[in-house]
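The values are calculated or read from the model by the stated rules, or taken from the named source; none is laboratory data. A quick note: this is a predicted structure, and the numbers were derived from the prediction, not measured. Methodologically, a virtual Cβ is constructed for each residue, glycine included, from the backbone with ideal geometry; neighbour enumeration extends over all protein chains shown. For the accessible areas, the whole protein counts, side chains as well, though only heavy atoms, and no ligand, DNA or RNA atoms are used. Shrake-Rupley method; radii C 1.70, N 1.55, O 1.52, S 1.80 Å.
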Amino acid sequence: MEATHLIRTARPEDSARIAVLGANVWVHTYAAAGVSEVIAQYVLATFTPEKIQTLVNDLGAVVLVAEAEGNLAGYIVMRFDSYHTDVPIEIETLYIHASFSGRGIGSALLAHARGIAEARTGNRAIWLIVNSQNEKAISFYRSRGLTQEGVAYFALGGIKHENKVMVARD
Ligand SMILES: CC(C)(COP(=O)(O)OP(=O)(O)OC[C@H]1O[C@@H](n2cnc3c(N)ncnc32)[C@H](O)[C@@H]1OP(=O)(O)O)[C@@H](O)C(=O)NCCC(=O)NCCS
């Protein structure tokens, strides 16, 4: 079913909603074994309204939100001058609330971000990292033309987690 959603640039007053949705999606995606103390501390430290507000005001980033009937359904964070080889724009985050997954909102946010990339740089190239265990997201990105170009590691609580570096150049 097509979701009726609106995509717009995030405003500072969206920060609380983005923080809550971000924490929720992170736990839903990565805490399948339950919430450890390390995870709890990471989520509480990362998804704060203050940090999201700083991000929204950061001239080196763009945050787009997708709203459905006025409520936050998902968001994407683009980071400029964050290079993987020759590609200068990183998709730092793409999170859709589980209730809205499979309705085209993630695709729409990614397409919107790539349009902004084209306006800024003259081409739609972007790159990102995705946890190597996150098969749903990996197949989502593959079906949207991204291919793997190496791996990167994300450390949490002293444990290294493998991530795939994925790139779309056209
Ligand atoms: C991965 C993620 C971003 C995908 O977002 P999404 O909004 O569910 O993705 P879409 O709906 O655009 O596309 C997903 C599937 O839904 C289907 N779909 C797309 N538009 C649709 C529509 N209008 N109606 C029904 N289904 C649709 C597509 O077939 C697509 O399948 P495919 O990937 O096999 O081609 C989202 O599930 C998510 O936030 N996951 C948790 C966090 C995460 O893993 N983020 C990425 C980490 S880097």
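Compute the relative contact order of the chain as a whole-number percentage, counting only Cα pairs closer than 8 Å that sit 6 or more residues apart in sequence.
Relative CO of the chain lands at 19 percent.
So, with a 1.4 angstrom probe, what is the percent of accessible area on region 6-168 that is carbon and sulfur? Show your work: numbers first, answer last.
Details: 4420 of 8290 Å².
Using a 1.4 Å probe with all protein chains present, region 6-168 comes out at 53 percent carbon and sulfur.
Rounded, prolate or oblate, given the Cα gyration tensor of region 5-105, with a/c below 1.5 counting as rounded? All intermediate terms of the calculation are to be shown ahead of the outcome.
Details: a/c = 1.42, a/b = 1.15, b/c = 1.23.
Since a/c stays below 1.5, the shape of region 5-105 is classed as rounded.
I'd like the Karplus ³J(HN,Hα) series for region 22-36: coefficients 6.51, -1.76, 1.60, θ = phi - 60°, whole numbers in Hz, and an x wherever there's a Gly or Pro.
x, 5, 4, 5, 4, 5, 4, 7, 10, 10, 4, 8, x, 9, 7
Antiparallel versus total DSSP beta bridges in region 6-168: what percent is that, nearest 5?
Values: 34 of 35 bridges.
Given both bridge residues lie in region 6-168, the antiparallel proportion sits at roughly 95 percent.
Taking the Cβ-Cβ separation of HIS161 and ALA98 as r and a Förster radius of 30 Å, what is the calculated FRET efficiency to the nearest 0.05?
Numbers: r = 21 Å, r/R0 = 0.70.
Efficiency at R0 = 30 Å is approximately 0.90.
With every protein chain left in place, what is the accessible area per residue of the chain in square angstrom, probe 1.4 Å? Please report the intermediate quantities before stating the final value.
Working: 9020 Å² over 170 residues.
Ligands and nucleic acids excluded, the figure is 53 Å² per residue.
Whole-Hz Karplus ³J(HN,Hα) for region 132-149, in order, using 6.51 cos²θ - 1.76 cosθ + 1.60 and θ = phi - 60°, x for Gly and Pro?
My calculation for region 132-149 gives 5, 8, 8, 5, 4, 5, 4, 6, 4, 5, 4, 5, 9, x, 7, 10, 6, 10 Hz in order.
State, in angstrom, two size descriptors of region 37-83 derived from its alpha carbons: Rg to one decimal place and Dmax to the nearest whole number.
12.9, 36
Is there a quick way to get the dipole size of the chain? I mean about its Cα centre, with the Cβ of Lys and Arg at +1 and of Asp and Glu at -1; what is the value in debye to the nearest 20?
On the way: 15 positive and 17 negative charges, 53 e Å.
Here the size comes out at about 260 debye.
Take the chain, mark every one of the GluC sites (Glu not before Pro) that falls in a DSSP loop and has at most 14 other Cβ within 10 Å, then report the longest stretch left between them, sites excluded.
Details: sites that count: GLU2, GLU69.
In short, 70-170.
Suppose each label sits 7 Å from its Cα in the direction of the beta carbon; what would the LEU44-LYS136 distance come out to in nanometres?
So the two model labels end up 2.7 nm from each other.
What is the Cα convex hull volume of region 117-164 when expressed per residue in Å³?
Details: hull volume 4.4 nm³, N = 48.
In region 117-164, the Cα hull volume divided by residue count equals 92 Å³.
Please state the shape class of region 1-48: rounded when a/c is under 1.5, otherwise prolate if a/b exceeds b/c and oblate if not, all from the C-alpha gyration tensor. List each step's numbers first, then the result.
On the way: a/c = 4.75, a/b = 1.55, b/c = 3.06.
Because a/c hits 1.5 or more and a/b fails to exceed b/c, region 1-48 counts as oblate.
In whole angstrom, how long is each semi-axis of the equivalent ellipsoid of the chain, when you take the square root of 5 times every eigenvalue of its Cα gyration tensor and sort them from largest down? Mind dumping the intermediate values first?
Values: eigenvalues 97, 86, 55 Å².
Ellipsoid half-lengths, sorted descending, are 22, 21, 17 Å.
Semi-axes of the equivalent ellipsoid of region 88-170: what are they in whole Å, largest first, if each equals the square root of 5 times a C-alpha gyration tensor eigenvalue?
Numbers: eigenvalues 95, 58, 25 Å².
Square roots of five times the eigenvalues give 22, 17, 11 Å.
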